[in-house]
Structure formats: structure tokens, C-alpha cells
1. ³J(HN,Hα) across region 108-123 via Karplus (A = 6.51, B = -1.76, C = 1.60, θ = phi - 60°), whole Hz, x for Gly/Pro?
2. Using a Cα-Cα cut-off of under 16 Å, which lysines could be cross-linked to LYS64, ignoring same-chain neighbours fewer than 8 residues away?
3. Give the calculated FRET efficiency between LYS42 and VAL5 to the nearest 0.05, with a Förster radius of 22 Å applied to their Cβ-Cβ distance.
4. Of all the accessible heavy-atom surface of region 51-112, with the other protein chains kept in place and a 1.4 Å probe, what percent is carbon and sulfur?
5. Might you tell me the accessible area per residue for the chain, computed with a 1.4 Å probe and given in Å²?
6. Taking the Kirkwood radius as the inverse of the mean 1/r across Cα pairs, report the Rg/Rh of the chain.
7. In a GNM of the chain with a 10 Å cut-off on Cα contacts, which of ARG37, ARG19, ARG66 has the highest mean-square fluctuation?
8. Over the Cα atoms of region 1-63, what is the Rg over Rh ratio if Rh follows Kirkwood?
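The values are calculated or read from the model by the stated rules, or taken from the named source; none is laboratory data. All figures in this text were calculated on a predicted structure; none of them were measured in a lab. As a convention, Cβ positions derive from the backbone with ideal geometry for all residues, glycine included, and neighbour counts pool all protein chains shown. Remember, those area values only see protein heavy atoms, side chains included, never the ligands or the DNA or RNA. Shrake-Rupley method; radii C 1.70, N 1.55, O 1.52, S 1.80 Å.
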Amino acid sequence: QVRLVESGGGLVQAGDSLRLSCAAFGDFATYAMGWYRQTPGKQREFVAAISWNSDSTHYADSVKGRFTISRDNAKNMGYLQMTNLKPEDTAVYYCVADPMVGLLALGIQITFWGQGTQVTVSS
């Protein structure tokens, strides 16, 4: 069992940077983790994923080159560094975890979800 708690969201201007954190409670080190986001009226959208040992990462095309996912298993923490933020990045961002990074990235299987943190980017 893994419990995920996001933090770091907020209101920023276009072009700014923001780092989201995900504190994990439980057997975090054995799970792949990732980030999804959702805006009202839309389906949740894949953002980024990282394998349990950080040897593979995956990104949505819309964030490649701007966002970086990372994790620190010793601290049971995951991160999403977001740079050059755009108004279209505005969403609730969710930290997720699953045993399989590929299935997580495709949205086929996501075992654990956090409660979400709001990111708002003004133009």
C-alpha cells in the first residue's frame, strides 16, 4: 500500500518555473511513479513517469523539454520540475504510482493516486 501527498502547486505567470513534490508513505521504492493532470471538463492527461530505479522516464509531447520528473527513494519523494510554464499547463496535478511504468504511462493501470495540487499559470 502506498499513500501519496502532493505539494508545491500555486499561481505563477507564464514563463515561470515551479516544482511539485510528492511525499510517499509505504513501499514507494518498488513502484514506478508519475504525474497526471486534469482540467475541468476534460479527462485526466498523462504528464510524466519514471521507473522505480529512475533508469527510464517518459513524457507527454506537450511537456517534453520543459518538465523533468525525478525521485529520491531514500527520502520517499518524487518531483516534477516544471519550467517555461504556459497557461495551458493550468490543471490539478496528481501524483500516481504503479508497479509497471509502461502501464502507468499509458494510463492502463494506475494503482495509487494522490489528492492533487492546483497549478495555475496566468498569461
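1. Result, ordered by residue: 6, 8, 9, 7, 10, 10, x, 8, x, 9, 7, 10, 10, 10, 8, 8 Hz.
2. Those lysines meeting the cut-off are LYS86.
3. Values: r = 24 Å, r/R0 = 1.08.
After rounding, the FRET efficiency stands at 0.40.
4. On the way: 1620 of 3020 Å².
In region 51-112, the share of accessible area belonging to carbon and sulfur is 54 percent.
5. Accessible surface, normalised per residue, equals 49 Å².
6. Numbers: Rg = 13.2 Å, Rh = 14.0 Å.
Rg/Rh for the chain comes to 0.94.
7. Of ARG37, ARG19, ARG66, the Gaussian network model singles out ARG66 as fluctuating most.
8. Details: Rg = 13.4 Å, Rh = 13.5 Å.
Using Cα coordinates only, the ratio equals 0.99.
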